[in-house]
Amino acid sequence: MKRVKAIYPGSFDPPTNGHLDLIERGSKIFDELIVAILRNPEKDPLFSVNERRQMLEAMTAGFDNVSVDTFNGLTVDYALRMEAQAILRGIRAISDYEYELQMALMNRKLQPGLETVFMMPAEKYSYLSSRLVREVAQLGGTIACLVPELVAQKVREKIDIANKFNAGDVGSRAADERTAKMRERRAVNKKKN
Ligand code: PNS
């Protein structure tokens, strides 16, 4: 019997409960599913590719037919290298459809033998995106129900590090201001003397 292998490509910065929901659904209809993280040097991600890989590996440890990998270049080329027959993508709302359709048709043009399969995550995740998770966390909101606990912890660690770094920056700005004031005072004193 023919076995169907699919790749699930994406940025996963960070992986969310919506991604996990889709992975679970995909693992039920495909014999093998590879979660493929795009190594995109042009983006400025919150998490390194390795960190994302570790999080996804931990999240998918319970699925026998799911593995995690990274790739660069064209998704269709990667799919071909992996001998996959399908690309899995999630559609949350009608607003996703236009972009996803464009991408699916371009991928079909590039590689006609490869099918894109769209699946819908649970409705409760229809508003959820990695970008919003990053934004909510950066602005101090809770992301507890949006990502698995292990991801929430990593996001909090990242944000804490970034905040400390920014606090250091504020400190050095204050130091620069103090130095400038000292110089001003010296200049005034020089004039007086
Ligand atoms: O999670 P994302 O950011 O929506 O995933 C987008 C992704 C990685 C699937 C898409 O950008 C992609 O396939 N990039 C690889 C380069 C490529 O194949 N481009 C042509 C797509 S039509």
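Per DSSP helix of 4 or more residues, -39500 (n - 2.57); summed, then divided by the residues of the chain. What does that give at 222 nm, rounded to the nearest 500? Let's see the in-between values first.
On the way: 6 runs with 101 residues, N = 193.
About -17500 deg cm²/dmol.
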#### Entry: Cα gyration tensor shape for the chain, rounded if a/c is under 1.5, else prolate or oblate
prolate
#### Entry: Overall form of the range 18-79 per C-alpha gyration tensor (a/c, 1.5; a/b vs b/c)
oblate
### Query
Dipole of the chain (Lys/Arg Cβ +1, Asp/Glu Cβ -1, origin at the Cα centre): which of Val66, Gly113, Ala162 lies farthest to the positive side?
Ala162
### Query
Sorted from fewest to most neighbouring beta carbons within 10 Å, what does the list Val76, Val35, Val49 look like?
Val49, Val76, Val35
### Task
Give the distance, in whole Å, between the Cα centre of the range 1-34 and the Cα centre of the range 66-81.
13 Å
## Note on the structure
Ranked on Cβ counts within 10 Å of their own Cβ, fewest leading, Val117, Val66 go Val117, Val66
### Query
Say each of Ser48 and Tyr127 gets a label point 7 Å from the Cα, pointing the same way as Cα to Cβ; how far apart are those two points in nm?
3.5 nm
### Task
In debye, nearest 20, what is the charge dipole magnitude of the chain about its Cα centre with +1 on Lys and Arg Cβ and -1 on Asp and Glu Cβ, if you could check?
1440 debye
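Since every read-out is calculated from the coordinates, none of them should be taken as a lab result. Keep in mind the model is a prediction, meaning the values are calculated, not measured. In this analysis, Cβ positions are derived from the backbone assuming ideal geometry, glycine residues included, and neighbour counts consider all displayed protein chains.
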